[in-house]
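Report on the structure given below.
Each value in this text was obtained by applying a stated rule to the coordinates, not by laboratory testing. What you are looking at is a predicted structure, and each value in this text was computed from that prediction instead of being measured. Methodologically, a virtual Cβ is constructed for each residue, glycine included, from the backbone with ideal geometry; neighbour enumeration extends over all protein chains shown.
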């Protein structure tokens, strides 16, 4: 089985208030539970906002350390899930379920090499 990365693409800004976020998170947990039951779930994590990132930029023989996001954007990867699926169609179905649960875009990308 191949592995696929499901990126949650969310807008920059404050999260929804708890009364809106709680039902979304229930739906997300239900999808994750189904992934586990199907043996597809590998790993998942939420990410801090872009301003918490640090960029390491090669510069000749040195590496520069830059705080914050590399580029300003209107959206960012807020979290991700890695799944194992028979093929892209199966991975897309998990992505569809997450998109419906969150109301946000989900980027589905095959993992190229698990050995690195």
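For the reader, a short list of remarks on this structure follows.
- Prolate/oblate/rounded label for segment 1-72 (Cα gyration tensor, a/c 1.5): oblate
- Protection proxy ranking for 41-48, 91-98, 25-32, using the average of other Cβ atoms within 10 Å per residue and placing the highest first: 91-98, 25-32, 41-48.
- Compared with the dominant principal axis of the Cα atoms in the chain, helix 18-38 is inclined by about 70°.
- Folded to 0 to 90 degrees: helix 88-102 orientation relative to the chain principal axis, Cα: 90
- FRET efficiency for the pair residue 72 and residue 36, taken as 1/(1 + (r/R0)^6) with r the Cβ-Cβ distance and R0 = 25 Å, rounds to 0.10.
- Estimated [θ] at 222 nm from DSSP helical runs (n ≥ 4, -39500 (n - 2.57)) normalised by residues in the chain, nearest 500: -10500 deg cm²/dmol
- Distance between segment 75-105 and segment 53-67 - C-alpha centres, whole angstrom: 31
- Note: relative contact order over segment 33-116, using C-alpha pairs below 8 Å and six or more positions apart, is 27 percent.
- Gyration tensor (alpha-carbon) shape descriptor, segment 35-116, a/c threshold 1.5: prolate
- Potential lengthening between residue 104 and residue 43 on full extension [0.36 nm per residue; Cα-Cα distance subtracted]: 20.0 nm
- Legend: ranking of residues 81, 54, 102 from fewest to most surrounding C-beta atoms inside 10 Å; resulting order 54, 102, 81.
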